[in-house]
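Each remark here refers to the structure printed beneath this line.
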Amino acid sequence: MKLTVVAGARPNFMKVAPILWEVARRPHVRATLVHTGQHYDEKMSKLFFDQLKIPKPDIDLEVGSASHAVQTAEVMKRFEPVVVEGKPDAVLVVGDVNSTIACAMTAVKLGVPVAHVEAGLRSFDRTMPEEINRLLTDAISEWLFVSEPSGVENLRNEGAYPGRVHFVGNVMIDTLVACRDQFEAAVDLRTFGVESNGYAVLTLHRPANVDDPAVFRGLLRAVEGVQRELPVVFPVHPRTRKALAAHPAALPNLKLVDPLGYLEFMKLVSHARLVLTDSGGIQEETTYLGVPCLTLRENTERPSTIDQGTNVLVGMDPDKIVAAARKAAKAGRGGHQVPDKWDGHASRRILDVLAGP
Ligand code: UD1
């Protein structure tokens, strides 16, 4: 079987890694890796390839940053000849970024079936660009690989043909399981000036939180409250770096760092007393690790992290965030479950469906 595997942005890299490791174990499957170039900085891209032993991309489309329409269109334009020339049996896309929908749409229009990994997740918030990408990608994909039961239910409610839906588990957890020993050894926490279980980790990058000055100021006010009680380590996404420049804040116990590699970041998260985030994937990683997570959003497309895991949806109100952080830091770890099939074998199940056991 000839697969074309697509990766474009940082959260894609830890999802394609275990799929490519699994392909390498199967002599009858060949994969061509296409990097769209949606993320391109060394710390947002190459570092992940090196740490996760992802092979060098066969093709780099080098699209870079642009508005949604321009970026999506540019990926489609550059991906089309790759599919025409490569003639893959299937194109595999992961997650919900612009590269995901752009490559899925290009492939199906050329008659090449698409496999979507992380299908069925829904925030039911259509102001989120990722929600549009999820809905559209699922609507045109032949194989819908689902990470949690809500995904199966959402796809059923949308009328997806049941034979297309496969509940396989979570590929990001495959990577976490495989890298656990490595990330433990990756970095000394003293590099960040903190001690195990004695700090919070913060990540922020959603346009709804970062690009709206009033919301961003409110979140900084919340961070000010949290860092009075607990040091806060904040690896800053490029989008957020720009917003911070416009809202300089003097928070002595806030430790700003550049975007981290996968191993350093997972070490930091795994030893944290608490994580505050607006990311999707981090809600899942904290659930697996049993680290309390406060999600600074009004909704989540990953409800199993709340029902079974350690995640609490706190929204963007500064007072509520500070109160929730205090409560979570006091309560500590324990009392969570790891969702079904988050066991390190999701990629094997995916390849079994696509290429046979
Ligand atoms: C994208 C994804 C989002 C994902 C996030 C993870 C979409 C619609 N959004 O959002 O779902 O959660 O990635 O990071 O696909 N930039 C750099 N270096 C880079 C990449 C970006 O400096 O390597 C800067 C650019 O100025 C760019 C901005 O960051 O304009 C935002 O990047 P972009 O890819 O447009 O969106 P993200 O916010 O990263």
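The values are calculated or read from the model by the stated rules, or taken from the named source; none is laboratory data. None of the values given here were measured: they were computed from a predicted structure. Reconstructed Cβ throughout: ideal geometry from the backbone, glycine too, with neighbour counts over all protein chains shown. With ligands, DNA and RNA removed, areas are computed over all heavy atoms of the protein, side chains included. Shrake-Rupley method; radii C 1.70, N 1.55, O 1.52, S 1.80 Å.
Assorted remarks:
- Hey, E80 assigned by TED's automatic domain parsing to the domain that holds A160, closer than 24 Å to N299 by Cα and touching a residue at least 24 places away in the same chain (Cβ under 8 Å) or not: no
- Close contacts from region 277-291, counting a first residue that is within 10 Å of the ligand (Cβ to nearest atom) and a second that is not basic (K, R), with Cβ to Cβ under 6 Å and a gap of 6+ residues or different chains, come to D278/L204; D278/N209; D278/L296; S279/T203; G281/P11; G281/M172.
- Among the residues of region 27-49, those identified as among the charged types (D, E, K, R) and either surrounded by 17 or more Cβ atoms within 10 Å (Cβ to Cβ) or free of Cβ contacts under 8 Å to residues at least 40 places away in the same chain (or both) are R30, E42, K46.
- K15 within 15 Å of the ligand (Cβ to nearest atom), among the charged types (D, E, K, R) and open to solvent by less than 50 Å² (accessible area, probe 1.4 Å): yes
- Which numbered condition K87 fails, given (1) on the phi < 0 side of the Ramachandran plot; (2) surrounded by fewer than 13 Cβ atoms within 10 Å (Cβ to Cβ); (3) more than 15 Å from the ligand (Cβ to nearest atom): (1)
Yes/no per residue for (1) in a helix (DSSP H, G or I); (2) among the hydrophobic types (A, V, I, L, M, F, W, C); (3) away from the ligand (no atom under 15 Å from the Cβ); (4) open to solvent by 20 Å² or more (accessible area, probe 1.4 Å):
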site: V93; (1), (2), (3), (4): no, yes, no, no
site: T106; (1), (2), (3), (4): yes, no, yes, no
site: L135; (1), (2), (3), (4): yes, yes, no, yes
site: D138; (1), (2), (3), (4): yes, no, yes, no
site: L155; (1), (2), (3), (4): yes, yes, yes, no
site: G163; (1), (2), (3), (4): yes, no, yes, yes
site: I173; (1), (2), (3), (4): yes, yes, yes, no
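- Residues located in region 43-67, provided they are in contact with a helix residue (DSSP H, G or I) (Cβ under 6 Å, 6 or more places away or on another chain) and within 12 Å of the ligand (Cβ to nearest atom): M44, F48, V63
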